[in-house]
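Working notes, beginning with the structure itself.
Values in this text are rule-based calculations from the coordinates and carry no lab data. The model shown is predicted, which means the values in this text are computed figures rather than measured ones. With ideal geometry, Cβ positions are generated from the backbone for all residues, glycine too; neighbour counts draw on all protein chains shown.
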Amino acid sequence: MRINKSTLENYFFILPAVIIFTIFYIIPFFWIFQLSMFDWDGILPTKIFVGLQNFKEIISQDPSWWQAIGNAVYITLIALILQNALAFLLALACDREIKMKNFYRAVFFIPPVLSEIVVGMAWRFIISGVDGANIINRMLVSVGLPQLVHNWLSDPKTVLTTVALVHSWKGFGWGFLIFLAGLQIIPKELYEAARVDGASSWDSFKKITIPLMVPVIVLVSILTILGTMQAFALILALVGGEFAGHTSVPVLRILTVMRDSSRFGYACAQGISFGVILVIISFIQYRLSKRYREE
Amino acid sequence: MIDFLKSFSPLIYRYMPYNPYKTDRKSWFSKFRNSISYPILCIFVLGFFGCGQNGPADVSSAAAKKVVVWHWMTDREDVFQELARQYESLTGVKLVFELFAPSDQYSQKIRSAAQGQTLPDIYGLLADKRDFSSFIKAGHVADLTLELEENNSAWKNTFFPNAVGVNEFKADDSYGVKPGIYGIPIDVMTIEMLYNKNLLQKAGLDPEKPPATWEEFMAAIEKLRASGIQGMVSGWVEVWMIDCLASNYAFNIMGKEKVIETIKGNVAYTDPDWIKVFDLFAQMRDNQALVPGVIAMINKTAEQLFANGKCAFAFNGSWCVNVYKGMNPDLDYGVMLPPAASSKFPMAVWGGAGSSFLVNDRSPNKELAIEFLKWLTAKEQQVFLANKTQNLPANKEALDEISPVLAQFANDMKYATHPNILGVSEFPVVIEALDKGIQSIIIGEKTPRQVAFEVQIIKEREMARNK
């Protein structure tokens, strides 16, 4: 095969990007994969090869890892349903001709641009009755619901849901923006034609908006899954740690194993396993949505 | 030769912005693209290969007589800088203190630097004894035994024995390290209980006679509760503090030897004595002895609550003297041992080296570093450090000139023990299971017996894995 000058030149242009991508993504990935097959404390120059033993331990002997995965799935489900529903509804509202819609757009996008640590600390101040202003409980009392007053962040029954709600509050702005962009590219003529044919608003929504928004919904869902499953800074700021395992999530587990247990090899194996889980979830979601679109 | 090189010109110019050998005319965009792309590429390539020339740049400046120190102690940074200035004017050696905080990030930095062999001349290490031994085996820590023991151990004898002990590896240790002393304590700490004198008085308790036994403690909690005063606070989301109190009571209930036998795997965590230890936390839960939300609380929050008089007792380390002074200078409090749950064995508290400095064995400035540490741990500098930071000095001679509350902490050094002086270390995952188990007891999810069995299962699994 003869490589012409233009092809060579093009390869030459992408060389810096390829070098950077290789150094910072490809090589670390293979290095982490290699480390995941060793028993290594991260300090000693010698590593003990254990093959797939670390993966076997993750699958069969590490209930705290699966508890962390379960917690992350729970937060993700709440985010998928609540956060995305809220984002979609607000996008629908802002897509119409309402007053101050630019103001709303800006306001809805404030939470996602704030640091997770800042959001976590602010909400801790709002929620906590121990070291915060206890605003939620005070509001419940003032609206005549004193029976709902609760230690939201220090009760194992409510702590994870509280974390999920705060996470959804912080994350809905991204979904809102993407949904809004998706809604704005749907041709208005379609709605007008449907109206002429006697379709109600609900019919238009069901038969035009939803089918045309499926690719956007899939995109937002995949981004939500990937973002939420990897959340941890918000939890650290909000609860301080793993709260007897109730707020343990995969990234926190990996950090704990690496930092406190000095098991770098095992932490790498957890990282690889977690990556595989995320890829599988995203792939399933993509296939399901593709089938739905085809139908 | 020149002709030979010239023959390559078309090839070389092919990848240059201007090519006199090329006859076709390029568009202005193509020229622009080429003229900026090649310099950018060169920068990347040079930058990339330039990165390869790193290494212990800081430690290679012996000619300039510069010693680099890494630490995580935000509260001591200003004092270190002041001491560095004093040392430079005295000896001409420049001390560069570099602060990396918070401590979690510092730990990661030290590990990364160890892997890349870019550790500074002197550094602090936040790690258990097992990791400490790995640093030594990897050649990152100098053996300071000779220096400490010269002149009839003159330098060594200035320190509290426990403070040296946490940096010492003995021949019969399980770590497989050459026996010796590998670190210099710069201050010491004990972790004990503190009580608010005013709140005790308000509840009708004697502010000068805090509870000494578990029964007295529970009775005091009841009286405090009756007066609307909360009991004890501690930052138990930082699980090592739970581990600390639990091991205090393990020493008190079953004695040091049995604790060591448990770590060795000869006594099970399901032993009745261990269940008694776990049961103390269940009793604290049942008697509402703990401030609500204690296991979701960082220690800084716990310190704020105690300093602001929101609860009567705190479980905290001697570093708190400085913290409380900053939060509430008028706080009237005393220091007490955790109330004894058994009279069989003496109560123990965690104590020993609060912070130690290690010397990089690969540093070309090793001698300069050791000389500086000798100066830093001399009485005058230790008094200066103690008075400025309200931490307990590592040098015993400096104790005469410290505040009364700190002196109380210092008096209790005789009860001090530390996991790092036991000669064996528990597996980190077992400690994690124990700490999380106690958290579960406190929130009423598990019984002491359940926790004991769960911890034992993990212990057996780890022993099998590490056989």
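Assorted remarks:
- Sequence-distant residues sharing a close amide H with B:T417 (under 5 Å, placed H): B:V349, B:W350, B:G351
- Normalising the Debye intensity of the stretch B:257-309 to I(0), with uniform scatterers on Cα atoms only, and taking log10 at q = 0.14, 0.18, 0.30, 0.32 Å⁻¹ returns -0.59, -0.75, -1.08, -1.15.
- With contributions of -39500 (n - 2.57) from each DSSP H run of at least four residues, the per-residue ellipticity at 222 nm computed over the protein assembly as shown stands at -17500 deg cm²/dmol.
- The stretch B:134-178 shape via C-alpha gyration tensor axes, a/c threshold 1.5: prolate
- For the protein assembly as shown, the Cβ-based charge dipole about the Cα centre amounts to some 3080 debye (Lys, Arg positive; Asp, Glu negative; other atoms uncharged).
- In chain B, a dipole from Cβ-located charges (positive for Lys and Arg, negative for Asp and Glu) runs towards its positive end, and of B:G116, B:Q105, B:S440 it is B:G116 whose Cα lies farthest in that direction.
- In whole angstrom, the stretch B:308-386 maps to an equivalent ellipsoid with semi-axes of 35, 20, 11, each derived as √(5λ) from the alpha carbon gyration tensor and ordered largest first.
- Note on chain B: Rg/Rh from C-alpha atoms, Kirkwood Rh, equals 1.13.
- Cα-projected label distance for B:K388 with B:D78, points at 7 Å along beta-carbon direction, nm: 1.0 nm
- Stokes-Einstein diffusion coefficient of the stretch B:83-126, Kirkwood radius over Cα pairs, 25 °C, 0.890 mPa s, in µm²/s: 208 µm²/s
- Inter-label distance, nm, simple model (7 Å from Cα along the C-beta direction), B:A464/A:F30: 3.6 nm
- Counting other Cβ atoms within 10 Å as a rough exposure proxy, the listed residues A:I75, B:I402, A:I26 run A:I26, B:I402, A:I75 from fewest neighbours to most.
- Sorted by Cβ neighbour density within 10 Å, fewest at the top, the residues B:W214, A:W66, B:W236, B:W70: A:W66, B:W214, B:W70, B:W236
- In this structure, B:L99 and B:N287 have a Cβ-Cβ separation that, at R0 = 45 Å, corresponds to a calculated FRET efficiency of about 0.60.
- Rh by Kirkwood over Cα pairs, then Stokes-Einstein D for the stretch A:177-295 at 1.306 mPa s and 10 °C, µm²/s: 90 µm²/s
- Principal-axis tilt of helix B:448-465 within chain B, Cα atoms, nearest 10 degrees: 40 degrees
- The alpha-carbon atoms of the protein assembly as shown, seen along their principal axes, cover 89, 89, 51 angstrom, with the largest extent given first.
- Sorted largest first, the spans of the alpha carbon positions of chain A along the three principal axes are 73, 73, 34 Å.
- Fewest-first ranking of A:S282, B:S440, using other Cβ atoms within 10 Å as the exposure measure: A:S282, B:S440
- Top positive-direction residue, dipole computed over chain A with Cβ charges, set A:N71, A:A17, A:G144: A:A17
- Between the listed residues A:S221, A:P187, A:L52, the Cα displaced farthest toward the positive end of the dipole of chain A, a dipole computed from Cβ unit charges relative to the Cα centre, is found at A:P187.
- The Rg/Rh ratio for the stretch A:88-224, using Cα coordinates for both the radius of gyration and the Kirkwood hydrodynamic radius, is 1.10.
- Acute angle (nearest 10 degrees) that the helix B:28-51 long axis makes with the longest principal axis of chain B, alpha-carbon atoms: 50 degrees
- Backbone N under 17 Å from the B:M327 label point (7 Å along Cα→Cβ), restricted to the stretch B:209-247: B:230-239, B:241-242
- Binned Cα-Cα distances of the stretch A:24-105, short to long, each 10 Å bin given as a whole percent: 14, 22, 22, 16, 15, 10, 2
- A:I110 versus B:E215: modelled label distance in nm, points set 7 Å from Cα along the beta carbon direction: 5.9 nm
- The dipole here belongs to chain A: it is taken about the Cα centre, uses +1 on the Cβ of Lys and Arg and -1 on the Cβ of Asp and Glu, and is about 440 debye.
- Grouping the Cα pair distances of the stretch B:98-148 into 10 Å bins from zero gives a pair-distance distribution of 23, 57, 19, 1 percent in increasing distance order.
- Residues considered: A:V257, A:V141, A:V239. Largest GNM mean-square fluctuation over chain A, using C-alpha springs under 10 Å, is found at A:V141.
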